[in-house]
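> Please find one structure pasted underneath; my questions will follow.
Bear in mind these aren't lab numbers, they're just calculated from the coordinates by the rules spelled out. Since this is a predicted model, take the numbers as computed values, not measurements. Here Cβ is always computed from backbone atoms with ideal geometry, including for glycine, and neighbour counts include all displayed protein chains.
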Amino acid sequence: MRTAFRSMTGLATALVVLAGSWAPASAQAPIKIGASLSLTGTYAALGQNQHRGYQLCAKHVNEKGGVLGRKIEFVLYDDQSQPATGVRLYEKLITQDKVDLVMGPYSSAITEAVANVNEKYKMPMVAPMASTTSIFKKGRKFIFMVQSAAEVYLEGLVEMAAKRGLKTIAIINEDTLFPKATVQGTIELAKKNGLQVVFVEAYPKGNTDFSAILTKIRAANPDVLGAATYFDDAVAITRQMKELNVNPKMYGVTVGGDLPTFYQLLGKNAEFVYGATQWEVELPYPGAKEFLQAYSMEFPGRDLSYHSAGGYGGCQVLVEAIKRAGSLDGEKIREAVLKLDINTVYGGFKVDPDGFQISHKMVMFQWQEGKKVIVWPDELAAGKALFPTPPWTRR
Amino acid sequence: MGVIITPAMVGQVVISGLLAGALYSMVALGLALIFGVMRVINVAHGTILMLGAYTTFWWFQLLGINPYLSLLVSMPLMFLLGVFLQRSMVHRVVDAPELSSLLLTFGISIALVNVTQYAFSSDVRSVEFLTGSFLVGPLALSKSRLVSFAFAVGLTLFAFWFLQKTKLGKAIRATSQSREVAMVCGVNVQRIHLYAFGMASALAAAGGSLVAVVVAIQPEMGQVYTFKSFLVIVLGGAGNYPGALLGGMLLGLVEQLSSLFLTTQVSEAVAYVLLVLVLLLRPTGLLGGRST
């Protein structure tokens with residue numbers, strides 16, 4: 001894997017050098033953008049998707065003549081899904097490889113670790129795959145968030161429920177950083193929308209038996225059940241809801257519900273389940289169609305997920321900021337990013353003075369006949385939500 | 001933001017606890033058997049359970065036949081694997097210090113998990129065969145868990161009958177009580193070790209096959225069952241076979257009731273607190289160790 005990767009970057013470098021000899025636009029050396037990604041290890045599948053996003057973005061930017069009259073070139077390493085390795089690699093990128101700029105790695109955990117490095121060297125970092133709010137609220141000046149925060153993952157579920165006159169909500173979550181933040185945010189959103197929170201409980205990571213927690217939920221009898229999940233727990237909860245005959249009028253999960261495997265594992269029992277996602281292929285963002293086409297041409301048969309689009313979109317943001325700053329100076333690029341208010345293939349981008357994302361929209365889909373149909377927000381919705389979710393006994 | 005706990009809710013989780021407990025008992029009986037006969041703590045027990053679960057998954061996926069019939073395949077298959085492991089490796093550490101057997105079986109476990117990841121990937125899989133429940137008044141009885149319960153009880157009773165009544169079973173119990181005396185009485189102890197490891201693995205495999213129909217499976221699922229089985233046999237009295245039954249049921253109930261009255265987060269902690277209490281008050285376990 002790693003050798004293949006090296007020869008790939010080698011090839012890319014060779015191509016860039018070759019291209020440089022003909023194209024007047026790149027008479028100067030390319031702009032070097034450094035990043036580490038999880039190409040092996042736990043997050044490999046996700047990191048590789050993000051990697052393809054970065055690669056495709058560089059290709060497209062260079063086809064259009066680059067930026068500031070120069071081509072861009074990624075210097076990429078594999079952090080093996082380890083935060084400590086990521087830290088070492090960003091040090092190396094900045095001090096030894098002397099990259100001009102950096103882009104973020106995959107995951108909140110690794111972004112949190114490497115954010116101290118780019119901060120130290122005052123080098124701006126657009127971080128496409130980190131949605132934990134705290135990373136951006138620690139006074140760091142050179143990190144910028146691209147996707148929506150953990151706190152708003154279930155905003156769609158709450159809003160749709162309130163609009164349909166539902167009154168009560170129960171919230172459960174895995175007891176780790178990201179889902180906990182989702183629960184805090186959901187409680188706030190529920191209050192804002194006039195929903196009464198009737199039950200909140202966390203379960204440990206790796207939990208497989210939800211009998212007791214679901215028995216309590218059945219007794220609380222909420223109109224809505226929101227679950228701040230990853231993947232395995234989302235599957236187990238859905239399955240055991242049927243076993244214990246728990247019948248909220250709406251039931252939504254955060255992470256994991258959007259994977260095709262979710263439906264493959266649960267089959268018909270996944271019908272009516274709502275899920276939150278940062279991005280879906282059919283969203284009508286500018287350039288999204290071209291992105292999809294180019295992606296399937298460039299990487300035939302390879303996985304495409306929101307991580308790919310996020311990588312591409314994050315890179316678009318950086319390139320636009322370089323263009324507007326007219327320079328590679330860290331401070332100037334930082335100011336340019338803070339002023340940006342644009343749409344990428346990944347959706348809206350605008351950050352507050354802390355670098356915290358305020359424009360990107362989460363969407364909510366519902367599994368209908370084996371397909372994810374976007375049902376929220378209204379302006380992006382492709383279909384109507386099937387409401388209310390029928391009780392298990394009547395399906 | 002909790003809820004008021006009603007008798008119906010207690011009834012519901014007691015049922016869940018008993019349904020889960022029967023499975024724990026059966027799986028832990030296997031671990032108790034190996035420990036009783038050989039004084040070996042088999043850390044790979046849960047891993048063998050995982051292999052049993054995959055046997056059922058592929059059986060169902062490729063052949064599409066009733067997954068419960070796969071017990072007829074997974075149990076003999078894991079029996080053979082158990083015999084192979086005992087014959088090739090574990091017999092070397094039977095009389096060695098306990099750390100040796102821990103290290104060896106831990107190594108076997110890592111190897112088997114990695115081979116499984118390599119062969120089947122670490123994707124989560126599930127056998128979507130029997131979902132939903134029977135509704136009885138305010139109670140919901142999960143179909144797949146009920147069937148698993150029935151199988152677990154049946155197999156456990158069979159294992160007990162076997163240990164009590166058959167010649168081989170008596171030889172196993174004799175070896176468990178005193179290897180030397182058993183040897184003097186003409187029991188082929190090496191052979192008994194093979195059978196014990198095989199039987200234990202078959203029980204783990206049965207557990208895996210039944211679990212596969214209830215929850216989604218993946219290569220690292222086994223570890224939890226190793227820990228739980230260990231807890232069960234220490235609760236009941238290490239090497240004490242009826243103790244494993246009692247311990248399993250107790251663990252199932254304690255987990256569920258503490259999840260109900262406290263939270264799911266602390267239910268595991270409560271189980272371990274119970275373990276510490278038992279060790280403090282009755283160091284040999286609830287039914288005492290070794291006696292069979």
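> Take peptide A:200-210, look around each residue's Cβ out to 10 angstrom, count Cβ atoms belonging to other protein chains, and average those counts. Could you put the intermediate results ahead of the total?
On the way: counts 2, 7, 3, 5, 7, 1, 5, 6, 7, 12, 4.
Mean shielding by partner chains, rounded to a whole number: 5.
> Can you give me the three principal axis dimensions of region A:121-191 from its C-alpha atoms, in Å, biggest first?
Largest first, region A:121-191 extends 51, 25, 18 Å along its Cα principal axes.
> Using only Cα atoms and rounding to the nearest 10 degrees, what angle (0 to 90) does helix A:83-95 make with the longest principal axis of chain A?
20 degrees
> Ignoring solvent entirely, what values of log10 I(q)/I(0) come out of the Debye formula for region A:171-260 at 0.18, 0.22 Å⁻¹ when each Cα is a single scatterer?
Log10 of I(q)/I(0), two decimals: -0.75, -1.14.
> Here's another thing I want to ask about it. How crowded by other chains is B:62-75, given as the mean number of beta carbons from other chains within 10 Å of each beta carbon? Spell out each step's value before the answer.
Values: counts 0, 0, 0, 0, 0, 0, 0, 0, 0, 0, 0, 0, 0, 0.
So the per-residue partner count for this stretch is 0.
> Mind checking B:228-239 for the average number of partner chain beta-carbons within 10 Å of each residue's beta-carbon? Walk me through the numbers on the way to the answer.
Working: counts 0, 0, 0, 0, 0, 0, 0, 0, 0, 0, 0, 0.
Counting other chains' Cβ atoms within 10 Å and averaging over B:228-239 gives 0.
> Also, I was wondering about something else. Alpha carbon centre of region A:46-106 versus region B:217-260: separation in Å?
Cα centroid of region A:46-106 versus Cα centroid of region B:217-260: 48 Å apart.
> Report, to the nearest 10°, how far helix A:232-243 tilts away from the longest principal axis of the Cα atoms in chain A, using its own Cα long axis and a range of 0 to 90°.
Once rounded, the angle reads 20 degrees.
> Still on this structure, please answer the following. Quick one: Kirkwood hydrodynamic radius for chain A, alpha-carbon pairs, angstrom, one decimal? Don't skip to the end; give the middle numbers.
Working: mean 1/r = 0.0458 Å⁻¹.
Hydrodynamic radius (Kirkwood, Cα only) of chain A equals 21.8 Å.
> Here's another thing I want to ask about it. Anything over 26 Å Cα to Cα? Flag those among A:LYS92/A:LYS138; A:LYS249/A:LYS289; A:LYS192/A:LYS249, in the order listed.
Values: A:LYS92/A:LYS138 24 Å; A:LYS249/A:LYS289 35 Å; A:LYS192/A:LYS249 20 Å.
The answer is A:LYS249/A:LYS289.
> Take peptides A:198-205, A:344-351 and line them up by average Cβ neighbours within 10 Å, highest first, as a rough protection proxy.
The peptides rank, most packed first, as A:344-351, A:198-205.
> Pairing rule first: another cysteine's C-beta must sit under 4.7 Å. Under that rule, which cysteines of the protein assembly as shown stay single?
Isolated Cys, the protein assembly as shown: B:CYS185.
> Okay, next question. To test your reading of the geometry: what angle, between 0 and 90 degrees and rounded to tens, separates the Cα axis of helix A:177-192 from the longest principal axis of chain A?
60 degrees
> State the volume of the convex hull built on the alpha-carbon positions of the protein assembly as shown, expressed per residue in Å³ and rounded to an integer. Walk me through the numbers on the way to the answer.
Numbers: hull volume 116.6 nm³, N = 687.
So the per-residue hull volume is 170 Å³.
> Any of A:LYS98/A:LYS137; A:LYS180/A:LYS371; A:LYS268/A:LYS361; A:LYS361/A:LYS384; A:LYS59/A:LYS371; A:LYS98/A:LYS120 with alpha carbons more than 25 Å apart? Name them for me.
Details: A:LYS98/A:LYS137 28 Å; A:LYS180/A:LYS371 29 Å; A:LYS268/A:LYS361 29 Å; A:LYS361/A:LYS384 18 Å; A:LYS59/A:LYS371 32 Å; A:LYS98/A:LYS120 14 Å.
Beyond 25 Å: A:LYS98/A:LYS137; A:LYS180/A:LYS371; A:LYS268/A:LYS361; A:LYS59/A:LYS371.
> So what's chain B giving for Cα Rg divided by 2.2 N^0.38 Å, two decimals?
Numbers: Rg = 18.9 Å, N = 292, 2.2 N^0.38 = 19.0 Å.
For chain B, the normalised Cα radius of gyration is 0.99.
> Where a Cα-Cα gap under 20 Å defines reach, which aspartates and glutamates qualify for A:LYS372, not counting those fewer than 8 residues away within the same chain?
A:GLU155, A:GLU159, A:ASP232, A:ASP233, A:ASP258, A:GLU271, A:GLU280, A:GLU282, A:ASP303
> What percentage of all Cα-Cα pairs in region A:210-364 are separated by more than 20 Å?
Numbers: 7257 of 11935 pairs.
Of the Cα pairs, 61 percent sit more than 20 Å apart.
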